[in-house]
Each structure stands twice: as structure tokens, then as C-alpha cells.
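Just so it is clear, none of the values below were taken in a lab; they were calculated from the coordinates. For clarity, every value in this text was computed on a predicted model and none was experimentally measured. Virtual Cβ from ideal backbone geometry, glycine too; neighbours counted across all protein chains shown.
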Amino acid sequence: MTKRRKVLGALLLVPAAALAHHGWSEYDSTKLLKLSGKIVEYGYEHPHGHVRLATPGKTWLCVLAPPSRMENRGLAKDLLTPGGEATVEGYANRDKPEEMRAERITVGGKTVELR
């Protein structure tokens, strides 16, 4: 493959990556939520990690930061253990009532700022 084709191929992937990443305007930043519960599931992948947090009456999908940021700020993958307790603070999605964008998470006695 020529260098030119490689460059063109890489440029074609940029719009696809941009579409995969969502904007934060879909979250209501006027109302901070603080939820505590058990981690049911977690993901530590790009573009953002996540935890499913079972709270009384509802299970939330909490969108976390990218894995590199979580690692750099001290939120190692092994802290997100299913069955473990966590508190997540963030903003609810305007259109998906079970989803929130996490600003910070407290797990294992450690609070990590995600944004």
C-alpha cells in the first residue's frame, strides 16, 4: 500500500470516530445527582468506561471517563468489581432516564474526579 493510500485511509476513519463520540449537551447539567449502590457490571473501554449501578428502585448506566484518564487519576480497573459498593455523582441524560454522565466516583474508599 502506498503512503498516499495509508494517509487517505486514516483520514476516512476520522469522521467515523467523531460520530462514535457523543456530546455532553444531552445531559442535564443543572441537576447534580448523587447515587449509591452496587456495581452490577463495568466496562473499561474506549471511548468511555461505564458501570451499571443498582440503586434502590433503579439500575443506572453511569458513563465514566476514557480508560487512560481513569488510570491517570487513580481509578484502576480492579476497583470496579461487580458486587462492590460505589457512589457516583453526575448528570442524568435528558432522553434516557436510566443513563447518567459521571463527574466523580467513590469506590474502595477513594474518590476520583472524572472530568
Cα coordinate range in segment 66-115, projected on the principal axes (Å, largest first):
31, 24, 14
Past the 19 Å Cα-Cα mark, which pairs from Lys34/Lys77; Lys34/Lys96; Lys58/Lys110?
Lys34/Lys77; Lys58/Lys110
Consider just the alpha-carbon atoms of segment 26-113 and return their Rg together with their Dmax, both in angstrom.
11.7, 33
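Net charge around Leu32, counting only other residues with Cβ within less than 13 Å of its Cβ (Lys, Arg = +1; Asp, Glu = -1)?
That works out to +2.
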